[in-house]
Amino acid sequence: MERCSIVRPVCNRLPDSVDTWEDSNLPLSCVLTPLQSSHVDTACEGRPKPLASIPKCLHCGAPHPTLKSHYPLYGSLLCHLCGKTCSRTFADQAYQRAEDGMDESIFRSQMPEGGFGGTLDFSLPIDRKTSDNITELNAMNCPPLWWIVVEGSSSRSYWNTVGRTLQNVVADLPKYVHVGLAVASEKTLSIWNVQSPVPFVHHHYDSKSNQYPEVIFADVRTYQSHLQTALRAMSDSIANTEGNLKMIQTVDVLLDQLLRDGKPVGLSSSRDGRLYAGGRILMILNRPPQEFKAVGKGKCSNARFGDGGQGGACFEPGSRFVTEKSSGMPSDILNCTDSDPEMGASYNKQQTSTKEKRINNDDLTSSNLKNHYPQVSKTVLQRFEKLGRSCASVALGVDVIFCTEEPSPMFGLPFLNVLCKTTGAPGPVLINLSKNGVATNLKQEIQSRLPAFFGGLLKIRLSPGFKVDTSPVAQTQKKDGSLDLSCFYVDKGIMGPGASMEQDELWQLGVCDPLQSMSLDLEVTNKIQRFAFVDGMGEIALKPCLQACFEYTTVVPGSKRDEFMTVRRIRICTLQMPMPKSVEDLYAALDLEALSIVLMHKLNISAFSEGLSEVQDIGKDWLKDVMVCAYKSAENTQKREQPRVQNGLKEKMEFGTFYAPNRLANVEEGELTRDEILLGQGHNILNHIPRIVWCILHCDALRPSSSKYQPSLDARCAALYQMSCMTPSVFARCIIPRVELWPSGNDSNEPIESEMGVSLESLSLHLMEQKQIDPNLILFVDSPNGILVCDSRHLLPAPGDGVEIGDSLQHAIQSAVESYRTPPPVTIALDLSSSIDLADFMIEDSLNLLYKNFSEWKMEIAAAISDDLKISSD
């Protein structure tokens with residue numbers, strides 16, 4: 001089955017009808033990672049060919065670099081994406097494609113099928129409004145821009161950490177980046193002249209002045225020492241005084257200056273000016289913006305977790321989960337009192353369902369947000385969204401990092417993400433200045449947001465009968481909640497970074513990077529077109545497919561030493577998606593990593609509209625329904641293949657293997673228990689879904705607060721927003737850490753065992769079995785919030801000579817670190833006297849609010865499935 005790293009549908013099939021998909025209970029969605037670098041062909045040696053070298057459909061505009069998206073005809077082509085034919089001759093193509101800079105000498109009317117998964121890169125003109133067709137400019141003349149904005153009214157510890165960190169970051173910047181420095185406070189925005197040998201404040205902007213400041217950028221190659229001097233001098237202008245900067249005003253001033261002085265590469269602009277590649281505004285703040293400084297009666301005065309966002313987590317090492325029972329009742333519940341704001345009013349100890357209402361002080365619902373921020377209205381959120389769209393339209397992103405010493409700050413992160421997300425940037429994060437290693441942590445977060453990719457334009461095309469589903473937006477807009485964040489979380493079908501544009505199925509991202517993803521909902525619109533009539537040939541079958549085209553600007557090495565060029569590229573990914581013959585075919589073509597991300601988005605929307613406690617039931621109900629559908633699919637398959645099943649043969653399906661005794665409870669000779677069958681353990685793909693759902697529900701972003709787990713509202717949102725833009729492979733390790741057993745030394749170049757579960761009991765059983773063969777084993781745990789490498793005797797004591805990390809394991813550790821946006825902390829514990837926090841990764845051992853672990857939770861769901869299907873417990 002074809003897999004593509006750029007476009008990953010939940011199921012690599014397009015349904016032949018609405019009924020077929022509904023019978024599976026799977027979301028009709030896909031996950032996009034537009035800048036994922038693996039398996040991309042440049043379509044030529046060295047540098048990409050121009051887009052003008054390939055034909056386009058003159059009806060829908062779809063480019064056709066391979067045969068995956070069209071059927072070749074003599075002098076024309078049949079487009080699988082619109083079902084129409086058009087000419088592919090140079091004369092006809094050039095007449096309608098003037099903006100592509102057509103040149104007959106490079107145009108090829110037909111290209112051979114190529115590119116893994118149909119993904120290829122092509123070059124575009126730097127400025128499509130001109131006829132010179134220049135495809136690259138020296139990055140010093142068309143540079144990435146980077147504003148650094150620091151808090152003007154802040155504590156000394158804030159600037160001591162931030163100032164030193166920024167100096168270290170600037171020392172490592174690419175020489176072609178142009179940097180601007182600003183200090184923002186409640187009343188002024190001070191712009192520094194960093195081109196002067198003695199840097200000074202060039203202009204003060206205040207809200208009463210009509211004069212906008214001149215933003216002076218300094219390229220790192222020429223003015224690196226000046227930038228360092230300026231950062232040291234800026235400490236004199238940082239004062240620990242009262243006041244909060246105005247976020248909207250600060251960004252708006254910098255944006256206005258950019259609009260007056262320049263225009264971005266490749267994007268339409270009505271203004272003349274110097275070309276630039278794109279830009280980012282990095283805001284490192286110490287206090288809440290003025291828009292959110294007042295806190296209402298819902299203040300989290302007792303919240304213990306101030307950090308948030310790093311690796312999608314907000315827990316304290318060594319105390320992530322509640323794993324022990326007390327007196328047969330949840331200690332979380334027993335310890336709650338009427339005055340405990342995290343649990344609300346007195347909690348009924350006899351509760352048996354989370355559907356009974358609880359009040360979470362860190363809930364994400366409109367009513368709770370209003371308690372925290374009574375002065376914030378939906379108008380403020382709409383202003384943030386509008387500002388974000390303006391930034392995205394000129395290839396500009398906004399990053400926000402909060403550095404604080406307070407235990408439970410209230411910075412307004414639930415709302416600030418509207419601005420960051422709309423520009424294409426990852427969400428805000430919180431960094432605790434009082435923790436060890438904060439300077440390294442802050443530097444890594446800043447470096448992960450350096451200006452690299454800009455001006456993204458995403459276009460989605462689908463075969464006739466399918467389109468992007470925009471109904472989630474319409475549904476959320478009907479909700480009566482002035483601060484309902486679900487209205488801003490979904491934008492014309494897209495969930496994650498990006499903003500919709502007026503044209504259908506087109507989105508823009510001011511900035512982008514290879515480690516971010518977004519999700520799209522799809523829908524069946526009408527009768528699916530399977531054939532197209534072609535004169536002289538009759539009916540020709542259309543191949544259902546999905547095409548994603550992503551334009552972006554970046555900087556690449558030039559042909560000369562130390563030369564860098566600004567280029568405009570387009571990445572084209574075409575994925576053929578055959579029609580399924582049955583629901584069973586859909587399950588066999590399931591992409592679990594893509595499904596995990598889509599489920600997270602759906603549950604995030606429920607958290608905004610319904611509440612965190614209700615999310616637990618929504619996730620559990622979805623799991624029950626999909627398992628009921630899977631069981632019914634197995635029944636239908638058995639009826640269809642009854643003769644072969646009765647003969648004891650395993651029925652080979654088109655995309656998998658069906659074995660009735662392991663799928664149906666009423667068939668003898670099976671190897672599984674009734675509960676295992678009902679939970680899909682007899683299917684080689686569906687058997688993973690119960691663990692995936694459990695782990696999503698118990699991630700730091702979505703598990704409800706308790707007396708043991710009390711993140712601040714900001715910390716929870718930071719974790720949620722970071723998880724919502726992770727790539728599929730990173731997200732999979734975020735919710736279910738990768739756990740592997742490696743031999744000591746260089747005896748093997750791969751792990752002995754993997755996928756051992758994430759519970760201490762499961763790990764111990766695997767270790768007991770393997771230690772009979774080799775007592776010297778190393779445990780490798782990989783997650784975006786931490787990497788652990790330890791002697792397996794930390795978990796299961798046994799005699800041995802000690803362990804040593806071999807070359808292959810060392811390479812695996814380094815590859816894991818480099819796969820994340822921000823490198824996680826790496827703990828190497830080969831000495832048995834050192835302490836480890838292995839339990840923080842064992843999410844199956846955690847207990848929910850009803851004090852049930854993963855095994856007990858599964859039994860409860862199996863019982864509900866049995867009741868739905870009316871299956872006896874025998």
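Please work out if Thr423 is buried (at least 24 other Cβ atoms within 10 Å of the Cβ), more than 23 Å from Gly163 (Cα to Cα) and touching a strand residue (DSSP E or B) at 6+ places or on another chain (Cβ under 8 Å).
Yes, satisfied.
Table: residues versus (1) at pLDDT below 85; (2) in a loop (DSSP other than H, G, I, E, B); (3) touching a strand residue (DSSP E or B) at 6+ places or on another chain (Cβ under 9 Å).
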{"position": "Cys4", "(1), (2), (3)": "yes, yes, yes"}
{"position": "Lys68", "(1), (2), (3)": "no, yes, yes"}
{"position": "Tyr95", "(1), (2), (3)": "yes, no, no"}
{"position": "Gln110", "(1), (2), (3)": "yes, yes, yes"}
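Residue check, Cys717 against (1) at pLDDT below 90; (2) touching a helix residue (DSSP H, G or I) at 6+ places or on another chain (Cβ under 6 Å), all met but one. Which one?
Checking Cys717 against (1) at pLDDT below 90; (2) touching a helix residue (DSSP H, G or I) at 6+ places or on another chain (Cβ under 6 Å), the one that fails is (1).
Here's the yes/no breakdown for (1) surrounded by fewer than 19 Cβ atoms within 10 Å (Cβ to Cβ); (2) modelled with pLDDT of 85 or more; (3) out of contact with any helix residue (DSSP H, G or I) (no Cβ under 9 Å at 6 or more places or on another chain); (4) closer than 22 Å to Met577 by Cβ:
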site	(1), (2), (3), (4)
Glu45	yes, no, yes, no
Leu51	no, yes, no, no
His59	yes, yes, yes, yes
Pro65	no, yes, no, yes
Thr85	no, yes, yes, yes
Ala91	yes, yes, yes, no
Ala98	yes, no, yes, no
Glu104	yes, no, no, no
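Answer with yes or no whether Asn776 is buried (at least 22 other Cβ atoms within 10 Å of the Cβ) and either more than 26 Å from Leu623 (Cα to Cα) or acidic (Asp, Glu) (or both).
The answer is no for Asn776.
Applying the selection to the stretch 43-61, what residues are part of a loop (DSSP other than H, G, I, E, B) and within 24 Å of Ser105 (Cβ to Cβ)?
Ala43, Cys44, Glu45, Gly46, Arg47, Pro48, Lys49, Ile54, Pro55, Cys57, Leu58, Gly61
Filter the stretch 284-313 down to residues that are at pLDDT 60 or above and in contact with a Cys (Cβ under 9 Å, 6 or more places away or on another chain), then give me how many there are.
9
Checking Thr827 against (1) in a strand (DSSP E or B); (2) more than 23 Å from the chain's Cα centre (by Cα); (3) within 30 Å of Leu679 (Cα to Cα), which test does it fail?
The failed condition is (3).
Report, by residue number, each residue of the stretch 13-24 that is out of contact with any Leu (no Cβ under 7 Å at 6 or more places or on another chain) and at pLDDT 90 or above.
Passing the criteria: only Asp23.
Of the numbered conditions (1) touching a Leu at 6+ places or on another chain (Cβ under 6 Å); (2) under 20 Å from Ser729 (Cα atoms), Gly757 fails exactly one; give the number of that condition.
(1)
Just to be sure I understand, how many residues within the stretch 718-768 are part of a helix (DSSP H, G or I), open to solvent by less than 40 Å² (accessible area, probe 1.4 Å) and within 27 Å of Leu599 (Cβ to Cβ)?
Residues that pass the stated criteria total 15.
Run down Val265, Val251 and say which single residue is modelled with pLDDT under 90 and under 33 Å from the mean Cα position of the chain (by Cα).
It is Val265.
Per-residue answers, yes or no, for (1) outside any helix (DSSP H, G or I); (2) among the β-branched types (Val, Ile, Thr):
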site	(1), (2)
Val400	yes, yes
Cys403	yes, no
Lys421	no, no
Thr440	no, yes
Ile446	no, yes
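Conditions (1) in a strand (DSSP E or B); (2) open to solvent by less than 40 Å² (accessible area, probe 1.4 Å); (3) farther than 19 Å from Ser154 by Cβ; (4) at pLDDT below 85, marked per residue:
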residue	(1), (2), (3), (4)
Leu181	yes, yes, no, no
Tyr212	no, no, yes, yes
Arg221	no, no, yes, no
Gln224	no, no, yes, no
Thr241	no, no, no, yes
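Residue by residue through the stretch 583-600, note down the ones that are out of contact with any strand residue (DSSP E or B) (no Cβ under 6 Å at 6 or more places or on another chain) and either surrounded by 20 or more Cβ atoms within 10 Å (Cβ to Cβ) or acidic (Asp, Glu) (or both).
Val583, Glu584, Asp585, Tyr587, Ala588, Glu593, Leu595, Ser596, Leu599, Met600
Looking at this structure, is Ser463 within 30 Å of Pro578 (Cα to Cα) and among the hydroxyl-bearing types (Ser, Thr, Tyr)?
Considered against the rule, which asks whether it is within 30 Å of Pro578 (Cα to Cα) and among the hydroxyl-bearing types (Ser, Thr, Tyr), Ser463 comes out as yes.
Looking at the stretch 499-535, which of its residues are under 30 Å from Gly455 (Cβ atoms) and in a loop (DSSP other than H, G, I, E, B)?
Met501, Glu502, Gln503, Asp504, Glu505, Asp513, Pro514, Leu515, Gln516, Ser517 - these are the residues of the stretch 499-535 that are under 30 Å from Gly455 (Cβ atoms) and in a loop (DSSP other than H, G, I, E, B).
Working only within the stretch 450-490, note down all residues that are aliphatic (A, V, I, L, M), modelled with pLDDT of 90 or more and open to solvent by 10 Å² or more (accessible area, probe 1.4 Å).
Leu450, Ala452, Leu457, Leu462, listed by residue number.
Got a sec? Which of Ile696, Ile685, Ile692 is under 27 Å from Asn368 (Cα atoms), of a type outside the set (Phe, Trp, Tyr) and either open to solvent by 20 Å² or more (accessible area, probe 1.4 Å) or modelled with pLDDT of 95 or more (or both)?
Ile696
Looking at Ile692, is it in contact with a Ser or Thr (Cβ under 6 Å, 6 or more places away or on another chain), within 26 Å of Glu818 (Cβ to Cβ) and among the hydrophobic types (A, V, I, L, M, F, W, C)?
Here the answer is yes, as Ile692 does meet what is asked.
In the stretch 830-846, what count of residues is obtained for those that are open to solvent by less than 50 Å² (accessible area, probe 1.4 Å), part of a helix (DSSP H, G or I) and either in contact with a strand residue (DSSP E or B) (Cβ under 9 Å, 6 or more places away or on another chain) or of a type in the set (Gly, Ala, Ser) (or both)? Let's see the steps before the verdict.
Let us first name the residues in the stretch 830-846 that are open to solvent by less than 50 Å² (accessible area, probe 1.4 Å), namely 834, 836, 838, 840-846.
Imposing the further condition that a residue be part of a helix (DSSP H, G or I) reduces the set to 838, 840-841, 843-845.
Next, from what is left, pick out any that are either in contact with a strand residue (DSSP E or B) (Cβ under 9 Å, 6 or more places away or on another chain) or of a type in the set (Gly, Ala, Ser) (or both): 838, 840-841.
The qualifying residues number 3.
The values are calculated or read from the model by the stated rules, or taken from the named source; none is laboratory data. All figures in this text were calculated on a predicted structure; none of them were measured in a lab. Here Cβ is always computed from backbone atoms with ideal geometry, including for glycine, and neighbour counts include all displayed protein chains. Accessible surface areas use protein heavy atoms only, side chains included; no ligands, DNA or RNA. Shrake-Rupley method; radii C 1.70, N 1.55, O 1.52, S 1.80 Å.
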